[in-house]
Amino acid sequence: MWLSELWIATMASPKKTCCTIHSMKPPLNTLTSGNGHLRWLLALPKLGIVLLLGALLTLLWLLHLNEIEEERSALIKDVLWLEQNLYFHLNGNEEQLQQLAVDVAMLPEPRRIFRLRVSHLLKNNPEISQILWLDKNHSVIDALPGSAPPDREIEAFGPPVTSKAFDMARRLGKLVYSEPFFLENNHAFIEVAVPVYQDKEFSGMLVAVYPLETLLGNLVPWWFTEKYKVVITDDNDILYATKTHIEGRGNQTYEILFDPPGYGLKLRVSTYQNNGNPLQQLLTVAIIALGAGVFWSLWIVRDLMKKRLQAEEALRSEHAFRTAMEDSLTVGMRARDLKGKVIYVNPAFCKMTGFASEELVGRVPPMPYWIPEQIDETFAIHQSVMAGKAPLDGFEITFMRKNGERFHALVYEAKLIDGNGQHTGWMASVLDVTERKHAEELARLQQEQLQFTSRLVTMGEMASTLAHELNQPLAAIASYNSGCLNLLQRSDCEIEEIRPALEKIGVQAQRAGRIIRRVHDFVRKSEPKRAPCQLAEVVEDCLGFSEADARKRHIRIECEIPEVPPIPADRLMLEQVLLNLIRNGMDAMASTPEGHRKLHISVGLEAAELKISVTDNGCGIGPAIREKLFTAFFTTKPEGMGVGLSICRSIVEFHRGRLWAEDNHQSPTGSGTIFSFTLPLEAA
Ligand code: ADP
């Protein structure tokens, strides 16, 4: 209910002359169905991007694996080639040594042959540092180069290792490689021992010394070390020789047995740490950056979508709120565009007129709820509304329901402003005031009836005094009449003598007639009508009514009436007010000592109104009575009705004046009341 009241307040407020409507009917179904759809739309590109990035990264990973695989197979291929190359050289050396062993045993001048061949052999095979010719007792027969350090060293340190190879070669009768051994300068060596047989008898041994560093240095080509690190090691990871131009561990490693010479020696080849393909790295970085960029833009889109969803949500609840408000309204709402076409009506308006929304929306004047016989007047009002001249505090109009029934409507028009601040039409709130008007009319009739009844009561109360009043002229007429008759019975009766009596009869009859007319006028039931009336005459009439009563109660009535302009008023009503105040004043002075029973009537001219006061020296009004003074049917009198003052007040207010009571502080008795009322000089 409060919503509708709020709405009415907003629409009906004279200060608020426009209202804003953003949208009459937002496409709600589009909004609700769009929600899930949007979520899908939002999720699909995300999924697509994730899959694409996943595929790209997998591709890169596979490429990387492939590269590693290729690198490994190239490594194995190269290592196998190196192994073959080493064997090829060592085998070649073995063959030459074996041939030399045969030749030094068989040919004449063996020392010359040894020197010749060995110098040739050493020249062609720099990996051999020295070749020794030993006799069967390990003594050196000859050695080339003779002064090479290994020679002495071997003699000093070699025996445990070399003699083992020596003995083995002697025993087996064939070429034997020694175990690797280190000499003082920390160089590792191996030897190959080839037995020499003379006439099938062991006569000595040829020993070739291979420094392992030199072996690698000479037999591993330069391009190999550009790619790989080559190491001779054993199971205990003792490093015998290395050929590399970069320090540190390699990326991939491949090991093969170095056999011969054997004895657990291994050839370990490692690839250098590879920084990867720069193009590929660039591609990876580009893909990651691209992915991050796409995710970032998706995130922004997601944020935007979220905001949009929130806005839609707010719009939906706003729409629901508006619909609930519209449905709860008892005030009819009707929106028209600038050309007067109906663009919206609310359920209350449809209920009021009896037409369905579809029958009204889109209609242009004349509207189906206009009264056929008042089409011209209604159209004129419509034109003034369209011209923006509708009264701010609303206007009344009669409309027709679909069933032909008429109803009174109170219409407030306000500007219709759209979301861009544009004036797009007019919004009217329409109140069905038929019931209210009926109630007002009924109240007015009741009030009128009450006034009339009150007047009758006043008259009833005054009837006896009025009868007494009438008695006087009637008695005077009767006595003048009998005087005239007596004169006529005399023979000397002069007509001129009768004339004054007859004239007095006439005067008295007029006086009686005036009294009767006044009573008749007062009692007559008539519609209130304002006309310029002299207040002095009103007071005089009232005194005419009250004089007899006042005389009876020994009350003196004083009047103080200056020259005042006529006022627009209903004379009878004013008389009713004044008579009521005079009668109340006289009633209040019932217990006042006779000397102080005085009623004062005064009329004063103020700024734009007249002030009429009736002052008594009566009992006064106590606070308890004062509160209820103007309440209908409140009386302290046994036979009072208690409606006098309430009727007086409504009559005075009908004339746009005020009625109030105050204590008479000037009263000689110490109590008394002044009843005053004002009347504006100008009609509204
Ligand atoms: P009623 O005269 O029928 O009682 P009114 O409405 O004229 O009805 O007056 C209501 C009451 O107001 C009276 O009963 C009386 O108690 C009080 N009253 C009215 N005028 C005066 C007055 N001049 N002095 C004291 N009391 C008054």
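The values are calculated or read from the model by the stated rules, or taken from the named source; none is laboratory data. Keep in mind that what you see is a predicted model, and the values were worked out from it rather than measured. When we count neighbours, we look across all protein chains shown, and the Cβ atoms used for this are built from the backbone with ideal geometry, even at glycine. Remember, those area values only see protein heavy atoms, side chains included, never the ligands or the DNA or RNA. Shrake-Rupley method; radii C 1.70, N 1.55, O 1.52, S 1.80 Å.
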Potential lengthening between Val361 and Glu606 on full extension [0.36 nm per residue; Cα-Cα distance subtracted]: 82.5 nm
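Where a ≥ b ≥ c are the square roots of the eigenvalues of the C-alpha gyration tensor, would you call the range 164-257 rounded, which needs a/c under 1.5, or, failing that, prolate if a/b is larger than b/c, or oblate?
In terms of gyration-tensor shape, prolate.
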Ranked by how many other beta carbons lie within 10 Å on average, peptides 291-299, 434-442, 647-655, 663-671 from highest: 647-655, 663-671, 291-299, 434-442
Cross-link reach list, lysines versus Lys136, counting only Cα pairs under 16 Å and skipping chain neighbours closer than eight places: Lys164, Lys174, Lys200
Förster-model FRET efficiency, 60 Å R0, Ser591 and Leu392, C-beta, rounded to 0.05: 0.60
Order of exposure, largest accessible area first, which applies to Leu41, Leu144, Leu265 with probe 1.4 Å: Leu41, Leu144, Leu265
Net dipole in debye of the chain [+1 Lys, Arg Cβ; -1 Asp, Glu Cβ; about Cα centre; nearest 20]: 1800 debye
Neighbour net charge for Tyr240 - beta-carbon separation under 9 angstrom, K R +1, D E -1: -2
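In nm², what is the average projected area of the convex hull enclosing the Cα atoms of the chain?
69.3 nm²
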Computed E for Gln666/Met641 - FRET, C-beta separation, R0 25 angstrom, nearest 0.05: 0.25
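Find how much the distance from Glu547 to Val102 grows on full extension, using 0.36 nm per residue of separation minus their present alpha carbon separation; answer in nm with one decimal.
Numbers: separation 445, 0.36 × 445 = 160.20 nm, distance 18.67 nm.
Full-extension gain reported as 141.5 nm.
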Cα-based shape type of the range 618-682, given that a ≥ b ≥ c are square roots of the gyration tensor eigenvalues and the cut on a/c is 1.5: oblate
Accessible area of the chain belonging to carbon and sulfur atoms, whole % at 1.4 Å probe: 58 percent
Per residue, in Å², the accessible surface of the chain once ligands and nucleic acids are set aside, probe 1.4 Å: 55 Å²
Spin-label pair Glu377/Arg308, simplified geometry with 7 Å Cα→Cβ offset, distance in nm: 5.6 nm
Peptides ranked, highest mean first, by Cβ atoms within 10 Å: ranges 131-141, 230-240: 131-141, 230-240
Distance between modelled label sites at Leu80 and Leu470, nm, 7 Å Cα→Cβ extension: 15.7 nm
